Amino acid sequence: MRSKYIFVMFMVILSLVAVGCAPTEEMQDEPMQTSEMAEESTEMESEEMDEADDSEMMEDDSESDMMEESSASMESMDEMPEMTLEELAMYNGKDGQPIYVAVDGIIYDFTPLEKWAGGEHMGQHEAGQDLSEEILSSPHGKAILERATPVAKLVKPMEESMEPMDEMLELTLEELAKYNGKDGQPAYVAVDGIIYDFTPLAKWAGGEHMGQHEAGQDLSKEILQSPHGKAILERATPVGKLIN
């Protein structure tokens with residue numbers, strides 16, 4: 001009887017031990033959950049890396065597109081036709097002509113711009129001219145060029161651009177004074193010993209500029225102190241040398 005009791009107790013103890021050591025469902029699920037979280041974390045890291053790669057590729061493509069557009073723009077500028085001031089004057093918006101305006105060596109088509117209808121702007125400026133100074137000093141500045149189309153490059157006539165310096169006029173200040181833009185005379189201005197023809201420049205019409213300066217003089221100091229500085233000389237033609 002006693003041995004049977006001992007056997008039963010032994011079996012009960014074994015059963016309790018077995019129950020205590022057996023993993024619960026929650027304990028069985030924990031490794032699975034941990035594994036799933038690790039897999040999700042790995043997938044998220046992989047997606048982030050893919051997104052970063054895609055972003056870098058998009059940036060590279062964007063930079064490449066910008067370089068291609070810049071290159072195409074430069075090639076387009078090189079392929080533009082060339083036009084002198086005399087030729088530009090024909091495109092003044094009158095008699096069905098388009099409205100062309102030159103700014104910094106590039107000729108733009110202002111025809112679609114409403115405020116340039118008829119080739120005139122605000123009753124102050126006319127098309128068919130180099131209006132670099134006027135555009136730059138206007139309230140809108142170069143922003144207006146974003147609404148216009150570049151159509152040509154402004155160049156000097158071949159005979160002017162190839163004229164050697166030693167074949168130019170040599171004028172004294174007294175002789176220069178005759179070329180004051182009045183009575184049919186050209187408007188000549190001396191700057192740093194070189195005499196320039198300002199006749200084609202709209203703001204030097206009649207040999208006067210802004211009611212302050214007159215042609216036929218050495219205006220080296222005045223030009224250097226002006227807002228445009230020597231940049232205006234790029235639109236004028238050198239015709240002689242100033243001598244004592």
| Consider ASP183 against the criteria (1) without any contact (Cβ under 8 Å) to a residue 24 or more places away in the chain; (2) under 30 Å from ASN244 (Cβ atoms); (3) touching a strand residue (DSSP E or B) at 6+ places or on another chain (Cβ under 7 Å): it satisfies all of them except one. Which criterion is unmet? | (3)
| Right, TYR196: more than 14 Å from ALA215 (Cα to Cα) and part of a strand (DSSP E or B) or not? | no
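Taking segment 133-148 as the region of interest, how many residues are under 17 Å from ASN92 (Cβ atoms) and modelled with pLDDT of 85 or more? So that I can check it myself, show each step before the final result.
Step one: list which residues in segment 133-148 are under 17 Å from ASN92 (Cβ atoms), which gives 134-135, 148.
Now restrict to residues that are modelled with pLDDT of 85 or more: 148.
Of the residues in segment 133-148, 1 are under 17 Å from ASN92 (Cβ atoms) and modelled with pLDDT of 85 or more.
Give the residues of segment 165-191 that are surrounded by fewer than 13 Cβ atoms within 10 Å (Cβ to Cβ) and modelled with pLDDT of 90 or more, sorted by residue number.
Of the residues in segment 165-191, the ones surrounded by fewer than 13 Cβ atoms within 10 Å (Cβ to Cβ) are 165-167, 170, 172, 174, 183-184.
Listed by number, the residues that qualify are GLU170, THR172, GLU174, ASP183, GLY184.
Can you tell me which residues in segment 168-193 are among the β-branched types (Val, Ile, Thr) and over 27 Å from VAL101 (Cβ atoms)? Show your work before the answer.
Taking segment 168-193 and keeping what is among the β-branched types (Val, Ile, Thr), we get 172, 189, 191.
Passing the criteria: only THR172.
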| request: Might you check whether a residue that is free of Cβ contacts under 8 Å to residues at least 12 places away in the same chain and of a type in the set (Lys, Arg) occurs anywhere in segment 194-207? | output: no
| query | Of all residues in segment 204-244, which are in a helix (DSSP H, G or I) and surrounded by fewer than 17 Cβ atoms within 10 Å (Cβ to Cβ)? | reply | ALA205, GLY206, SER220, LYS221, GLU222, LEU224, GLN225, GLY229, LYS230, ALA231, GLU234
| message | I'd like the full set of residues that are part of a helix (DSSP H, G or I) and out of contact with any Gly (no Cβ under 7 Å at 6 or more places or on another chain), limited to segment 117-129. | response | ALA117
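The values are calculated or read from the model by the stated rules, or taken from the named source; none is laboratory data. All of these numbers come straight from a predicted model, not from anything done at the bench. Because the Cβ atoms are built from the backbone with ideal geometry, glycine has one as well, and the counts that use them run over all protein chains shown.
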